[in-house]
Amino acid sequence: MINMKRLIIYTDGAATPNPGPAAIGVVVLDETGKVVAEISRAIGRATNNRAEYLALIAGLTEALRLGADQYSVKHIPRERNEAADALSHQALHRAGN
């Protein structure tokens, strides 16, 4: 039997104004819904879209580091992504934006 590790990753990117100072937010959950990692980081000047892509890359990199071994990508509505959104905005505020 193959032992697969499944993680759930929520990502978000923000830029204010767009383009402008930007940041990413990532929340990684295990299969039980427990938060196992968070990323909240300013990324310099970027567009919203670039911040979104960099957040996804950071989330997938963290999942790999944590031992995840398969993936699927699914868009979710904004109202189900509040934690990652909050982390990206916290990073913007810490950076002075």
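Count of segment 3-45 residues, restricted to those that are in contact (Cβ under 8 Å) with a residue 60 or more places away in the chain, closer than 16 Å to Ala91 by Cβ and part of a loop (DSSP other than H, G, I, E, B), is 1. Is it the case that Glu52 is surrounded by fewer than 22 Cβ atoms within 10 Å (Cβ to Cβ), acidic (Asp, Glu) and within 19 Å of Ala95 (Cβ to Cβ)? Criteria met by Glu52. When you look at Asn97, is it in contact with a Ser or Thr (Cβ under 9 Å, 6 or more places away or on another chain), free of Cβ contacts under 8 Å to residues at least 40 places away in the same chain and not in a helix (DSSP H, G or I), yes or no? For Asn97, the condition - in contact with a Ser or Thr (Cβ under 9 Å, 6 or more places away or on another chain), free of Cβ contacts under 8 Å to residues at least 40 places away in the same chain and not in a helix (DSSP H, G or I) - is not met.
Does at least one position in segment 46-61 carry a residue that is in a strand (DSSP E or B) and in contact with a strand residue (DSSP E or B) (Cβ under 6 Å, 6 or more places away or on another chain)? Yes, some residue in segment 46-61 is in a strand (DSSP E or B) and in contact with a strand residue (DSSP E or B) (Cβ under 6 Å, 6 or more places away or on another chain). Going by the conditions given, is Thr47 among the hydroxyl-bearing types (Ser, Thr, Tyr) and either crowded, with 16+ Cβ neighbours inside 10 Å or more than 12 Å from the chain's Cα centre (by Cα) (or both)? Yes.
Would you check if there is a residue in segment 68-80 being in a loop (DSSP other than H, G, I, E, B), in contact with a Lys or Arg (Cβ under 8 Å, 6 or more places away or on another chain), modelled with pLDDT of 95 or more and not aromatic (Phe, Trp, Tyr)? No, the conditions are met nowhere in segment 68-80. Of all residues in segment 62-79 being of a type outside the set (Val, Ile, Thr) and touching a strand residue (DSSP E or B) at 6+ places or on another chain (Cβ under 8 Å), which is farthest from Tyr10 (Cα to Cα)? Per the stated criteria, the residue is Leu66.
The values are calculated or read from the model by the stated rules, or taken from the named source; none is laboratory data. Not measured: the values here are computed from a predicted model. FYI the Cβ positions are ideal-geometry reconstructions off the backbone, even for glycines, and counts take in every protein chain you see.
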